[in-house]
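Structure first, commentary second.
Only the coordinates and a few stated rules stand behind these numbers; no lab work does. Given the structure is predicted, the values throughout are model-derived calculations rather than measurements. Please note: Cβ atoms are built from the backbone with ideal geometry, for glycine as well, and neighbour counts cover all protein chains shown.
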Amino acid sequence: MKIILLLILFHSLSLASEYVVIANKDMKRLSKIEIKAIFLKKITIIDDKKVVPINLGIRDSLRKKFEKKILRKSFRRLKTYWTKQHYLGHRPPISMHSQQSIKSFVKKVEGAIGYIELKNLDDSVKEIYRWRD
């Protein structure tokens with residue numbers, strides 16, 4: 001029975017998807033707390049560079065996973081947060097349609113930071129944080 005449970009656990013762990021937060025090559029590794037603060041625009045500068053957070057589209061499943069796991073906020077709470085921030089003159093991160101467009105933008109724009117599936121990572125960008133389902 002223990003062997004069966006271990007096999008089930010191993011199988012479920014191997015099916016878990018992995019994701020990465022990416023930046024261009026000069027960005028240092030960041031903590032989950034720092035990434036959350038960047039995407040909520042509480043941190044706007046790191047190492048004297050302006051940080052530009054990039055989201056996937058509002059309906060993208062990876063964005064939903066990112067908001068749940070990294071930002072730890074539901075869509076409704078984020079909507080309320082950004083409504084309040086709007087009146088303080090702050091705008092939410094810009095959105096892009098695909099992981100490929102995020103990767104291309106991050107590669108070209110200093111300070112840009114986004115997230116993609118690990119399987120889409122290559123050496124054109126730098127992994128600064130990793131998480132799984």
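Past 19 Å, Cα to Cα, is the threshold; run K41/K108; K25/K68; K32/K73; K28/K79 against it and keep the listed order. Could the numbers behind the result be given before it?
Details: K41/K108 21 Å; K25/K68 27 Å; K32/K73 14 Å; K28/K79 29 Å.
Correct reply: K41/K108; K25/K68; K28/K79.
Starting from the Cα of K25, step 7 Å along the direction of its Cβ; do the same at E127; then give the gap between the two resulting points in nm.
About 1.8 nm, to one decimal.
Under DSSP H, which helices of the chain have Cα atoms covering 18 Å or more of the helix axis and a Kyte-Doolittle average no less than 0.5? Walk me through the intermediate numbers first.
Numbers: long enough: 2-15 (20 Å, 2.17).
Counting only whole DSSP H runs, the qualifying helices are 2-15.
Give, as ranges by residue number, the residues of segment 33-48 whose backbone N falls under 18 Å from the point 7 Å along Cα→Cβ of R77.
Counting backbone N atoms under 18 Å from the label point, the list is 33-43.
Amide H to amide H under 5 Å from V52: which residues, 5+ apart in sequence or cross-chain, H placed 1.01 Å off N in plane?
Under 5 Å from the amide H of V52 lie the amide H atoms of A112, I113, each far enough along the sequence or on another chain.
Do the sum for the chain: with -39,500 (n - 2.57) for every DSSP H run of n ≥ 4, divided by all residues, what is the mean residue ellipticity at 222 nm, to the nearest 500 deg cm²/dmol?
Working: 5 runs with 50 residues, N = 133.
It comes out at -11000 deg cm²/dmol, rounded to the nearest 500.
Students often get this wrong, so try it: which of (1) 1.01; (2) 1.16; (3) 1.99 is Cα Rg over 2.2 N^0.38 Å as calculated from the structure shown?
(2)
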